[in-house]
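In what follows, a single structure is set out as structure tokens and then discussed.
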Amino acid sequence: MAELPDDFDPFEHLQQTYKTEFNRRVDRYFKDVEGNGDLSGVRPSLKLACRISDNDNDAMMNMRHNLFFNVIGYSRKNLAVVYGSKFDTAPPVAGHPQLFLYFSQDGAAQPTDEPLLEHEKSCRLMNFSCSSGGVKPAIAKSDMVAIAQEIKTLFLDNKRGITYTCGNKSASYTDPENGFPKGNYILVNSKADAENIYEKMCNAIDVPFKGASHILLNDPDKASTTTATAGKTTILGKQRNNKRYRPIAILRFRYAYISLGNLIPPVFLIDTTLRNPSLVEWL
């Protein structure tokens, strides 16, 4: 083993090594942005804010680290994340790509001490197979770009996700031949909201929408509850909020991705959270 030189500075060595490795990951994540980034757009600005420079002090390095790994979400890259709603059942359409649309509540509308409301809706792309050798042609990047462009038109308005109102009613649209098997539902406050979302999904994947007659609406006797009406329960001497029952809230479209099975990560078509590179430009 070689001897370290007398003037070796371990802090300087650590700082330079960290800078090199960190910036290498930033450059790879923002490979669509030339150079070190600039102020010409959202992603160039983010790259500029993330990259560590020689003149950074410890506070700036920590802020850049937190922005890249935690706020943008690079620390979740390649983790075994389960995509999909816990309410969904596995449809008998294995081998076909699955399109997911994710909606969530605006942070400003989230009640104090309550979880953020979110919902995910999916359908299968029955005209394609996930891989070569399937019963249908394997989906190509050009096919996904076309779907992404449709989603951009249908689910974004003035560069923001459209909204719908969720509530205590569950609505399921059944059309197995076109990618909507039984057991996959969305929570809504009215049947009109369900029709709007399902029709847009059908248009995005270029299949016919068969109308309200194919939507089954379950309207339970139990009304939606709020934090106040759900009440509290005392546990270990501390009052805690009871779980709300299907509260009414405005959910906004955030991102769409296609899953091709568990051998490769999902392909994000559009992501308004900027945590994942989008397949098409939408800003």
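Every number here is computed from the coordinates shown, using simple stated rules; none is lab data. The shown structure was predicted, so the numbers you read here are calculated from the model rather than taken from an experiment. Virtual Cβ from ideal backbone geometry, glycine too; neighbours counted across all protein chains shown.
Assuming charge only on the beta carbon of Lys and Arg (+1) and of Asp and Glu (-1), the dipole of the chain about its Cα centre is about 1200 debye to the nearest 20.
What number comes out for the charge environment of D58, summing +1 per Lys or Arg and -1 per Asp or Glu over other residues with Cβ under 15 Å away?
Local charge sum for D58: -1.
If you count Lys pairs in region 188-280 whose Cα atoms are under 21 Å apart, skipping same-chain pairs closer than 8 places in sequence, the total is 7. Across the chain, Cα pairs under 8 Å and at least six residues apart give a relative contact order of 18 percent. Of all aspartates and glutamates in the structure, the ones whose alpha carbon falls short of 14 Å from that of K182, not counting any fewer than 8 places away in one chain, are D88.
Where only DSSP H runs of four or more residues are counted, the chain gives -8000 deg cm²/dmol as its mean residue ellipticity at 222 nm, each run worth -39500 (n - 2.57).
Take the Cβ atoms of S40 and T273, set R0 to 25 Å, and the FRET efficiency comes out at 0.75. The Cβ shell under 13 Å around L156 holds other residues with a net charge of +2, Lys and Arg each +1, Asp and Glu each -1. The structure shown yields semi-axes √(5λ) of the Cα gyration tensor in Å, and of the options (1) 40, 27, 18; (2) 42, 20, 17; (3) 51, 22, 16 that calculated value carries the label (1). Within the shell of other residues whose beta carbon sits under 10 angstrom from the beta carbon of E281, the net charge comes to +1, with Lys and Arg scored +1 and Asp and Glu -1.
Close amide H partners of K169, meaning residues 5 or more places away or on another chain with modelled amide H under 5 Å apart, are V188.
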